[in-house]
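Visitor: Take a look at the following structure, please.
Here, each number is a calculation from the coordinates, and none is a lab measurement. All values derive from a computational prediction rather than experimental measurement. Backbone-built Cβ (ideal geometry, glycine too); neighbour counts: all protein chains shown.
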Amino acid sequence: MIKTQFRNILVPLDGSKNSIRGLNVAIALARQCQAQIMGIYVIQRPPHPAFRAVKYPEKPLLRDAQSTMQFAKKHCAQNGILFEHKIVFGDPGYTIVKFARDKKFDIIVIGARGIGALKEIFLGSVSNYVLHKSNVPVLLVK
């Protein structure tokens, strides 16, 4: 029997209830494996500055991301888990998969649905993209 040991867990967060549910599962997993958690928050930018309606539209999004990461850090600390975080700009699905691969994470724990429910209906969800494109094991939390 092969026993898998998770040491580095990646948790994509977007402030939604489902992403926090994913964080809770990651905390439970980290406690069992003595692992650490890295939270990643990907802020999606319009593809070109000409499509941006206001100057620096990312500022409120960046504040939301920082607030979410502070909550996650505190929540992990209360459970005795080391938490680091990264806030990046880009396409969420692609960025999560690339980050997990490049940094050699053992597993991605992701909420099934995030805050982009309408986009999910038409374009496919971030979690669906991560599930199908990642070469790192993915735990999908509903």
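Visitor: Given the Cα-Cα distance of H75 and Q5 and 0.36 nm per residue of separation, how much length would full extension add, in nm?
Guide: 22.9 nm
Visitor: Could you compute the net charge surrounding N24? Neighbours are other residues with a C-beta less than 12 Å from the C-beta of N24; K and R count +1, D and E count -1.
Guide: In short, +3.
Visitor: What full-extension length gain, to one decimal in nm, is calculated for K142 and R101 as 0.36 nm per residue of separation minus the Cα-Cα distance?
Guide: 12.4 nm
Visitor: While we're on this one: Counting Lys +1, Arg +1, Asp -1, Glu -1, what net charge surrounds I81 among other residues with beta carbon under 12 Å of its beta carbon?
Guide: Neighbourhood net charge equals +2.
Visitor: Once the piece of chain linking K17 and D91 is laid out straight, how much longer is it, given 0.36 nm per residue of separation minus the C-alpha distance between them?
Guide: 24.6 nm
Visitor: What order do you get for 25-31, 105-111 when each peptide is scored by the mean count of other beta carbon atoms within 10 Å, highest first?
Guide: Top of the packing list down: 105-111, 25-31.
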